[in-house]
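The values are calculated or read from the model by the stated rules, or taken from the named source; none is laboratory data. Just so it is clear, the structure is predicted and the values come from calculations on it, not from any experiment. Heads up, the Cβs are rebuilt from the backbone with ideal geometry, glycines too, and the neighbour counts pull from every protein chain shown. Just the protein is used for accessible areas: all its heavy atoms, side chains included, with ligands, DNA and RNA removed. Shrake-Rupley method; radii C 1.70, N 1.55, O 1.52, S 1.80 Å.
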Amino acid sequence: MFRKTSPHWIEAHPHGIFVAPAGVWIDPSRPADLAFVTHGHADHARGGHGRVHATPETLAIMALRYGVTEGQGTAHRYGEGTEIGGVKFSFHSAGHVLGSAQIRMEYGGERVVVTGDYKRRADPTCAPFEVVPCDVFITEATFGLPVFRHPPAAQEIAAVIEALEAEPERCVLIGAYALGKAQRVIAELRAAGHHQPIYLHGALQKMCALYQDFGIELGELLPVAGVPAAAMRGHVVLAPPSALAGSWSRRLPDPIPAMASGWMRVRQRARQRGVELPLILSDHADWDELTQTIRDVAPREVWITHGREDALLRWCELNQITARALDMVGYEDEDEDDDLGQGEAAA
């Protein structure tokens, strides 16, 4: 059962947003004949669609992770788009991960923007967020509580370098998700002057290689497999979060367990994962970014697809902006699973 919303040509279903005049689904969690996809994370992208419209980078990620073939995809660079059923679509940078896009639609004189996931912070691995004015702004709210205010990335990365210098006989093992977070951690380390080789769990290698194919500089990356533990002393090792406490980590030289996630703001989550060095590094907008973005976009209405809806709904009410929660299903909170994607190595 879908709920008709204003504007009337957008249908909000639990499993995706349907653009009725065009027959288009945006980020559907079920296979669709025609899907527009904002980015490559598994709660927004999947296999099984008939046709997929996305950025070139997202299509490449979907080919790697979900088996989407070249013949299924139509690529749109930022600022480009198409018209289907009288609806004008265009793709605009979301600043979330490589290739992530907001999707802008115009029909009957109304403009709607679906953000997918986004952030406003600078990120050396993806294009910056673009403010796209609209009438209806469909936003995420993963960190939609005032308590979530992310610190500067440089501050968190400095803690990694300080840990290496303080205990050179150990390594720092950072749990980071395969798409976006791992590459950002690496790039931020390079920007901070850390140019030593960085060792990778096998699950991260293919995605890092894809980023490098798109011109993202990550420096020297080496696989952990086959490397003596002593060789990794004083180095950074990246792995999926599930590897932090598993048997895989026991091959490393007395690792300092770290994790890069916006949820590291919540100390209980760090303790539950046995994290010694929590790194508050998120690829989602924090509270200040969410509210500032709404101000910048200046919409007539705000629709919230997932996350902490209540606080953002109340903020909109206090600022005399009509808002509603869409109660979407199939969207995970950041870093709630390993998000390895189909077909990626788990070793």
Exercise. Restrict the check to the range 75-88 and report whether at least one residue is surrounded by 19 or more Cβ atoms within 10 Å (Cβ to Cβ), in a loop (DSSP other than H, G, I, E, B), of a type in the set (A, V, I, L, M, F, W, C) and touching a helix residue (DSSP H, G or I) at 6+ places or on another chain (Cβ under 6 Å).
Key: no
Practice problem: Hey, can you tell me all the residues within the range 166-202 that are within 20 Å of residue 233 (Cβ to Cβ), open to solvent by 10 Å² or more (accessible area, probe 1.4 Å) and part of a helix (DSSP H, G or I)? | Solution: 166
Practice problem: State all residues of the range 235-288 that are in contact with a His (Cβ under 8 Å, 6 or more places away or on another chain) and either at pLDDT below 95 or part of a helix (DSSP H, G or I) (or both); if no residue qualifies, say none. | Solution: 243, 248, 262, 265
Quiz prompt | Single residue of 70, 11, 57 found to be open to solvent by less than 30 Å² (accessible area, probe 1.4 Å) and acidic (Asp, Glu) | solution = 11
Exercise. Considering every residue within the range 34-43, establish whether at least one is at pLDDT below 95 and not hydrophobic (A, V, I, L, M, F, W, C).
Key: yes
Quiz item: Of (1) under 17 Å from residue 52 (Cα atoms); (2) open to solvent by 20 Å² or more (accessible area, probe 1.4 Å); (3) in contact with a Lys or Arg (Cβ under 9 Å, 6 or more places away or on another chain); (4) aromatic (Phe, Trp, Tyr), residue 107 satisfies all except one. Which?
Solution: (1)
Quiz item: If only one of 117, 123 is among the charged types (D, E, K, R), under 18 Å from the mean Cα position of the chain (by Cα) and open to solvent by less than 10 Å² (accessible area, probe 1.4 Å), which one is it?
Solution: 117
Quiz item: Do we find that residue 141 is open to solvent by less than 10 Å² (accessible area, probe 1.4 Å), over 16 Å from residue 180 (Cβ atoms) and in contact (Cβ under 8 Å) with a residue 24 or more places away in the chain in this structure?
Solution: yes
Practice problem: Scan the range 41-53 and give yes if some residue there is closer than 21 Å to residue 208 by Cβ and either of a type in the set (S, T, N, Q) or out of contact with any Gly (no Cβ under 7 Å at 6 or more places or on another chain) (or both), otherwise no. | Solution: yes
